[in-house]
Amino acid sequence: MSEGEPDGSVPPPVTAAVVAEPAARLGGRNTMMAAEAPALDAEPATVTVEAPAGDALPARDRSVVGERWIARVLRVGAVLSGAMFVLSLGLEALPGSEGTHVAIDQLRKAAASLLLVTPVARLGVAGTLLGLRGEWRYLAIAAGVLGLLALAVGTGIPA
């Protein structure tokens, strides 16, 4: 059964003359001649938008890609650090031996270090991505902060 009237019959097509007829009964004011009225049966106009030439992404797409990389770095750092902490808790359930205690200690130190290094890695990724986009000021600030962190760690922790 086709779409149309409730009894299943198909209504007649709407033409310009049918549309102009009620307007003509209004007394000639704001009326349109049937020949002037657009055909309602015609295909709708379509506009084709072409993609930009080359492999260049629009600026918004590039920023979304950059944000995804930053989010990925933070997510991977947090998940790996959490997994190391959970693994160290699982190792505590094993019988206590010297090797188990060393493994637990090493896992917890590595997890804490990874948790602290994750925001530094995020700063490095953000600085690099913004530098590639031409944000030289942010790149210089990120490099300066990373340099100061390296200087502080290098001089503050004796070997």
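The values are calculated or read from the model by the stated rules, or taken from the named source; none is laboratory data. This structure is a prediction, so every number in the text was calculated from the model and none was measured. Every residue, glycine as well, gets a Cβ built from its backbone with ideal geometry; the counts of neighbours run over all protein chains shown.
Any idea which of 126, 78 is under 23 Å from the mean Cα position of the chain (by Cα), in contact (Cβ under 8 Å) with a residue 60 or more places away in the chain and assigned by TED's automatic domain parsing to the domain that holds residue 64? Walk me through it before giving the result.
Values: 78 fails: in contact (Cβ under 8 Å) with a residue 60 or more places away in the chain.
Residue meeting the stated conditions: 126.
In the stretch 120-137, which residues are of a type outside the set (Lys, Arg) and surrounded by 12 or more Cβ atoms within 10 Å (Cβ to Cβ)?
Applying the first criterion (of a type outside the set (Lys, Arg)) to the stretch 120-137 yields 120-121, 123-132, 134-136.
If the condition is that a residue be of a type outside the set (Lys, Arg) and surrounded by 12 or more Cβ atoms within 10 Å (Cβ to Cβ), then 120, 121, 123, 124, 125, 126, 127, 128, 129, 130, 131, 135 are the ones that fit.
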Check: Does any residue in the stretch 136-159 that is closer than 16 Å to residue 125 by Cα come within less than 9 Å, Cβ to Cβ, of a residue that is of a type in the set (Val, Ile, Thr) and modelled with pLDDT of 85 or more six or more places away or on a different chain, and which pairs are these?
Finding: 139/128; 142/128; 145/120; 146/120; 149/120
